[in-house]
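I am attaching a structure below and will ask some questions about it afterwards.
Read the figures in this text as sums done on the coordinates, not as results from a lab. Small disclaimer: the values here were computed from a predicted structure and weren't measured. Methodologically, a virtual Cβ is constructed for each residue, glycine included, from the backbone with ideal geometry; neighbour enumeration extends over all protein chains shown.
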Amino acid sequence: MQYLFDDNVKFSEVLLNLHTKSKLLTSYSKIGFFLFAMTLAVTLSSCNKNKNDVIPDVYVNFTLDINDPQFVNLIAIGADTVDARTNNWGSSAAGFNGNGIIIYNGGDDFYAYDRTCPHDYMLNGTNVKVIADFTIARCPLCGTVYSLSSLGTPASGIGRYPLKNYRTSFDGRFVRVWN
């Protein structure tokens, strides 16, 4: 009869080592399952972000020069609006229904929002007007006030959806806006 163990190794020690290794494998599989479940949950929840984007997508892609006298308000923290009809940029700078785009200088970065109120855009494509202090936008129809420093989220009023956001980049002089 052939033995699987050396004379110096006791059978109980071998069993203890096997038991410890199986516990370790069980711990690794629990950790692996937990990480897989968390990754799946984050992936699925990130797909829900688009449900808050009620304004239909339109092609947006333009660049503006903050040294242009027309956009002097963007040098300091605050907002300015872009109207494609007056800038001759065409539909790529018009936003949804040609309502225009709000550009906001947040100090560290630039943000761009569609000027269409998400609450009542289906009624008549109402523009969201930028208030004089350049940190909020107000819809003249429903009265919702949007905070431009908080990614266009409603600060007060009946609206519950944020303004449509566009991507931006800034190289020190030019602000590019696109989707």
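Given points 7 Å out from each Cα along the Cα-Cβ axis, report the Ile131 to Asn179 separation in nanometres with one decimal.
Those two pseudo-labels are separated by 2.6 nm.
What's the ranking of 54-61, 171-178 by average number of surrounding C-beta atoms within 10 Å, highest first? Each step should come with its number before you reach the end.
Numbers: 54-61: 15.5, 171-178: 14.0.
Sorting 54-61, 171-178 by mean packing, highest first, produces 54-61, 171-178.
Related question: I need the peptides 98-106, 71-79 ranked by packing, meaning the mean over residues of other C-beta atoms within 10 angstrom, with the highest value on top. Present the calculation step by step, with values, prior to reporting the outcome.
Details: 98-106: 22.2, 71-79: 16.0.
For the peptides 98-106, 71-79, the packing ranking is 98-106, 71-79.
Please find the FRET efficiency linking Ser91 to Ser156, where r is the Cβ-Cβ separation and R0 is fixed at 41 Å, and quote it to the nearest 0.05.
Working: r = 32 Å, r/R0 = 0.78.
It comes out at approximately 0.80.
If you place +1 on the Cβ of every Lys and Arg and -1 on the Cβ of every Asp and Glu, how big does the dipole about the Cα centre of segment 54-178 come out, in debye to the nearest 20?
Working: 9 positive and 11 negative charges, 56 e Å.
That gives a dipole near 280 debye.
Which of the listed residues, Pro140, Ser150, Gly106, is farthest toward the dipole's positive end in segment 54-178, when Lys, Arg count +1 and Asp, Glu count -1 at the beta-carbon?
Pro140
Need the full-extension length gain, Ile77 to Phe170, defined as separation in residues times 0.36 nm minus the C-alpha distance. One decimal, nm. Mind dumping the intermediate values first?
On the way: separation 93, 0.36 × 93 = 33.48 nm, distance 1.41 nm.
Answer, rounded to one decimal: 32.1 nm.
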